[in-house]
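Student: Structure below; questions to follow.
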Amino acid sequence: MLKKSINYCKDKAYAQKVMAMALYLGQLLVKYGAEIYRTEDTISRICESYENLTAIDVFGLSNGLFISLEYNNEVITMYKNASVGNLNLEKINLLNTFSRKFVKDPQDVQAAIQDLRAIEDKDEYSFPLKFLASGLAASFFALLFGADTMDAVCTFFVGSLSYGGVFLLSKYDLTFFIESFLGAFFSSFFAMICILLGAGHNIDHIIIGSIMLFVPGVVMTNAVRDIMSDDFLSGLIGLVKAIFIALAIAIGVGIVLSFHLK
């Protein structure tokens, strides 16, 4: 049976580096879509791997992380800004693997930070692959909701174009509300074009399949899981965000349909 390594912070400066590294890890977890309660637990475990860091308290929100602990009877507090980005389960898995390895056998903090930066800088899937995958996902959602073959084919192109448009515009640092609105607007607009050209049969199926790419399922799920873990504030923030995303989608679809139905 392997024993956990015993580690100590040699001075206050090193303890602060450990805190900064733990917060950086937490910031990345939030960025890639991890639950807040899981982020808090990970930060706590990183700090607890050092024997002389005690009274560890971590408080997390979707836009900020706080940590307080005692080192040699001195209280140290640190804060780091955080923001939720695009969901990336691969990087969440890499970060979880890193944290488990670090807790089991802590390494030098500077080397740990370099490992975290390598995970952050790791290449994501290429745009053409995302473009293709979004179309396939949208078309299968359309089939799930009762679309015929032609509507599914139309949904493939509508979903791909809608996702591609939002992806290209995201470089302008749009808010989540605007991104969701544009995704729904593009989906409805391209669906209407398909119907006007006679390529599609049912605009409802095409729109529904396409906007599923922008439905806040992960946001809602994480919010519920946070609430079930007694993290009510983070959960309510997530639920409010999900409601606003749903509102943006409804507005985007409604604007296009108001012209189509005239």
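Student: With respect to the numbered conditions (1) surrounded by 16 or more Cβ atoms within 10 Å (Cβ to Cβ); (2) within 14 Å of residue 176 (Cα to Cα), which one is the sole condition not fulfilled by residue 222?
Tutor: (2)
Student: Anything in region 194-212 that is assigned to a helix (DSSP H, G or I) and open to solvent by less than 60 Å² (accessible area, probe 1.4 Å)? List them, or say none.
Tutor: 194, 195, 203, 205, 206, 207, 209, 210, 211 - these are the residues of region 194-212 that are assigned to a helix (DSSP H, G or I) and open to solvent by less than 60 Å² (accessible area, probe 1.4 Å).
A quick yes/no check of all residues on (1) assigned to a helix (DSSP H, G or I); (2) in contact with a strand residue (DSSP E or B) (Cβ under 8 Å, 6 or more places away or on another chain):
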position	(1), (2)
214	no, no
223	yes, no
226	yes, no
234	yes, yes
244	yes, no
254	yes, no
259	yes, no
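Student: Same structure again: From 198, 217, grab the single residue that is of a type outside the set (A, V, I, L, M) and at positive phi.
Tutor: After ruling out the rest, the residue left standing is 198.
Student: Let me ask something else. Which of (1) open to solvent by 70 Å² or more (accessible area, probe 1.4 Å); (2) within 19 Å of the chain's Cα centre (by Cα) does residue 180 not meet, given it meets every other one?
Tutor: The number of the failed condition is (1).
Student: Hey, another quick one. Taking region 4-31 as the search range and keeping residues that are within 14 Å of the chain's Cα centre (by Cα) and open to solvent by less than 10 Å² (accessible area, probe 1.4 Å), which one is nearest to residue 236 (Cα to Cα)?
Tutor: 30
Student: Let me ask another. Out of the residues in region 32-62 that are open to solvent by 30 Å² or more (accessible area, probe 1.4 Å) and in a helix (DSSP H, G or I), which is nearest to residue 224 (Cα to Cα)?
Tutor: 37
Student: For the subset of region 64-78 comprising residues that are touching a residue at least 24 places away in the same chain (Cβ under 8 Å) and within 26 Å of the chain's Cα centre (by Cα), which member is nearest to residue 34 (Cα to Cα)?
Tutor: Filtering region 64-78 for residues that are touching a residue at least 24 places away in the same chain (Cβ under 8 Å) and within 26 Å of the chain's Cα centre (by Cα), the one nearest to residue 34 (Cα to Cα) comes out as 65.
Student: Those residues that are open to solvent by less than 70 Å² (accessible area, probe 1.4 Å), touching a residue at least 40 places away in the same chain (Cβ under 8 Å) and farther than 15 Å from residue 26 by Cα, I need them from region 91-108; list them, please.
Tutor: Answer for region 91-108, where residues must be open to solvent by less than 70 Å² (accessible area, probe 1.4 Å), touching a residue at least 40 places away in the same chain (Cβ under 8 Å) and farther than 15 Å from residue 26 by Cα: just 106.
Student: Still on this structure: Among the residues of region 112-165, write down those that are open to solvent by 50 Å² or more (accessible area, probe 1.4 Å) and within 30 Å of residue 17 (Cα to Cα).
Tutor: 114, 115, 117, 118, 120, 121, 122, 123, 124
The values are calculated or read from the model by the stated rules, or taken from the named source; none is laboratory data. Computed from a predicted model, the values in this text were never measured in an experiment. Reconstructed Cβ throughout: ideal geometry from the backbone, glycine too, with neighbour counts over all protein chains shown. SASA here: full protein model, heavy atoms, side chains in, ligands and nucleic acids out. Shrake-Rupley method; radii C 1.70, N 1.55, O 1.52, S 1.80 Å.
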